[in-house]
1. Which one of the conditions (1) among the small types (G, A, S); (2) surrounded by fewer than 19 Cβ atoms within 10 Å (Cβ to Cβ); (3) in contact (Cβ under 8 Å) with a residue 60 or more places away in the chain does A178 fail to meet, given that it meets all the rest?
2. Residues that are closer than 27 Å to I266 by Cα, at least 1 per element: which strands (runs of 3 or more DSSP E) completely within the range 146-240 meet that?
3. Would you say T156 is without any contact (Cβ under 8 Å) to a residue 60 or more places away in the chain, touching a Leu at 6+ places or on another chain (Cβ under 9 Å) and either surrounded by fewer than 22 Cβ atoms within 10 Å (Cβ to Cβ) or not small (G, A, S) (or both)?
4. With out of contact with any strand residue (DSSP E or B) (no Cβ under 8 Å at 6 or more places or on another chain) and open to solvent by less than 60 Å² (accessible area, probe 1.4 Å) as the only criterion, which of A564, A526 stands out?
5. Which of the strands (runs of 3 or more DSSP E) found entirely inside the range 275-317 contain at least 3 residues meeting this: within 27 Å of I55 (Cα to Cα) and open to solvent by 10 Å² or more (accessible area, probe 1.4 Å)?
6. Can you tell me which residue among M131, M125 is of a type in the set (A, V, I, L, M) and in contact (Cβ under 8 Å) with a residue 60 or more places away in the chain?
7. Does the range 234-242 contain any residue that is surrounded by fewer than 19 Cβ atoms within 10 Å (Cβ to Cβ) and either within 21 Å of Y173 (Cβ to Cβ) or more than 60 Å from the chain's Cα centre (by Cα) (or both)?
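The values are calculated or read from the model by the stated rules, or taken from the named source; none is laboratory data. Keep in mind the model is a prediction, meaning the values are calculated, not measured. Glycine also receives a Cβ, built like all others from the backbone with ideal geometry; neighbour counts cover every protein chain displayed. Just so you know, the surface numbers come from the protein's heavy atoms only, side chains and all, with ligands and any DNA or RNA stripped out. Shrake-Rupley method; radii C 1.70, N 1.55, O 1.52, S 1.80 Å.
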Amino acid sequence: MVQEEDEMGKQKMDGAAAAVSVVSRPGARESIRKKMMVHTVIPTVTGLVIAGILITIIAGKQIQHLQNENIMDISQKASYQISEYFTRYMEISRQLGANRELLALFDEIQPGDKVAEAAGFDAVMETMENMRLTDAENIVDVWAADVDSSQFFEDTGYVSEIGEWDITSRSWYNELVAAGTTIASEPYLTASGSEMVSSIVTPIYGEDGALKGVSGVDLSLGAVTGMMQKQKLGETGFLILMTQAGMIMYADDAALIHTYLADAEIDESVRAGFSAGSYGTYHYRYAGDDNYGYMTQAGDSRWVVLSGMPSLEYNMDMYRVIFSTVLLFTVMIVVMCIVISRIAMGIVRPIQELHVAADKIAQGDLQVDLQVDSNDEIGEVAQSIEKTVVRLKDYINYIDEIANVLNEIAQGNLVFTLQQEYAGEFGKIKTALENISFTMITTIEAITSSAEQVTGGAGQIAQAAQSLADGATSQAAAVEELLATVTDISEQVRDNAEYARSAADGAGDVRRKIELSNQEMKQVIAAMEEINHCSNAINAIISSIEEIADQTDLLSLNASIEAARAGDMGKGFAVVANEVGNLARESVQAVQKSTELIKNSQEAVKRGMVLVNGTAERLSESVSGVVGLAEQMSGLSEAAVNQTKDLEEVVNGINQIASVVSDNSAMSQESAASSEELSAEATSLNEMVGIFHIK
């Protein structure tokens, strides 16, 4: 019977566990790994592409700036060398123009005078020769000219005729007058036509401010060409040297030399900038190619240097940066995908194991083995689930053993041994059940002993009553034997009174012990109620867990809202927040299933309480029976005392025996009836006590 009830209880628990299920729609949600890859990699790749574009733009501008700086530096370096070259010889021309002997010579010569006949002429010629000899390689000749006599003379000893050399007819005259200082003339071929030279001319003014003459140095331009050839602009860059008038004095393309910029195949922007004196950076087309260059003036010489670098070489470093950036970002994206995939798998695997374990627990299967090796919150959740499973197993074992013990008690078996440890509040139940066993065994043993004594005393009372009845019948015929018989009866009645008092005392003890057992049974009921309260407390804890899950769900919603406010940068966090919300909802479902298991445990406790209450009722009935027995035994004791008094009166007044015989006969009949009732009650008590097994 007990086994059938256990099997029915288990079937009900299994049915209740099977009735609670989670409906999962395949494809209704995506995996965390896929979400992390989609919602993290795509925004990151987009960000990296944007960053790559920005880096490329910034780096390109910086590279262009550096290229422009390089082009400008080389152009200015070439311009500086040209400027230094002309400045040196301009200084020689100025020194000659400031020579006191030459100034005195110009002051001495009057219109119509020959220069060669002047007193300081030879000294001036020697000075000019010495100046030429300081750099005979580049100085073609040193010369001077007098405006008043229109005579020209040079260090070679050549002197023109008077009026033969008109300064106003020279190509550089207007420029000289306009500048009012030393100038470099446009290049021209020497008389022999062997080389290009430029005259460095310095005006000489008198005290009245009028132009008295000029001093000059004819400078070879071969060194200028050599200086330009040494300048290199990258691998394919070029430099063009132009005079103030636009004559090209140096270019990589030999066909351009000694031609003019206006005739070259070059952008109009360069020609317009040259004409306007607008120097700086230029982007122009030259010889069919896009070029980046710089235009600058070479100091006092007023010559112009134009540089150019083809677009391919100009942008080559930027192309390298773009290629390197694309390669680097591609490697970063691949590495990021691998890292995110591993991180996602590290998160998904423990969650999947926890999900499987929660499903098993929800289905009533507590044989869960979690292999989660994690030091984060997931590991803590796994440890909590393991502890919960262990505790539920202990509770189920406690309840099963308690139910079995109560069934044994209900069947009358008071000898049992509790094998479980009964941690926590369940320890009180173990102690109470052991106390009940000890007390009831002791009480039943006392009741059994008292019942045996009552049975023996009832038999003796019945025999004595029957003897008394027989004696009363024969008293009329044998009055003489009555005294001896009454004496014997008196002794027997005295013994019966002792037996009756002893039985009454035993019945009182039995009554007190049964009442004590009844009180202890009430304590068992109170302990079972405490179990029920503990189950209610567990329900409260589960409710707290549900509230925590609800708060976690709310926190997930708030995190999703904040991630939405953060825009694209918060999508990855929104994914994690969504998964936390899903986990919270699954936790609520698992807790609901655990609540169903606790309810089943409470129902088992209630069934135990029903069994205990039934036992308590039977003990109460036993108490009522023992109380009645005690009252009857008290009545028997009082009757025995009365008989003793009557017998004493018989002894004292044998003459009244005749009148008392009838009374004794009636009393003996009542005693016989009472003894029969006492015997029946003792038999009933033995039957009730016989259902308990105490050995």
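1. For A178, the failing item is (3).
2. Because the criterion is at least 1 residues that are closer than 27 Å to I266 by Cα, the strands (runs of 3 or more DSSP E) in the range 146-240 that meet it are 196-205.
3. no
4. Answer to the selection: A526.
5. Strands (runs of 3 or more DSSP E) meeting the threshold: 280-286, 289-298.
6. M131
7. So far as the range 234-242 goes, no, none of its residues is surrounded by fewer than 19 Cβ atoms within 10 Å (Cβ to Cβ) and either within 21 Å of Y173 (Cβ to Cβ) or more than 60 Å from the chain's Cα centre (by Cα) (or both).
This table checks each residue for (1) at pLDDT below 70; (2) more than 30 Å from S634 (Cα to Cα); (3) open to solvent by less than 40 Å² (accessible area, probe 1.4 Å).
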site: Q411; (1), (2), (3): no, yes, no
site: T439; (1), (2), (3): no, no, yes
site: A458; (1), (2), (3): yes, no, yes
site: D488; (1), (2), (3): no, no, no
site: Q492; (1), (2), (3): no, no, no
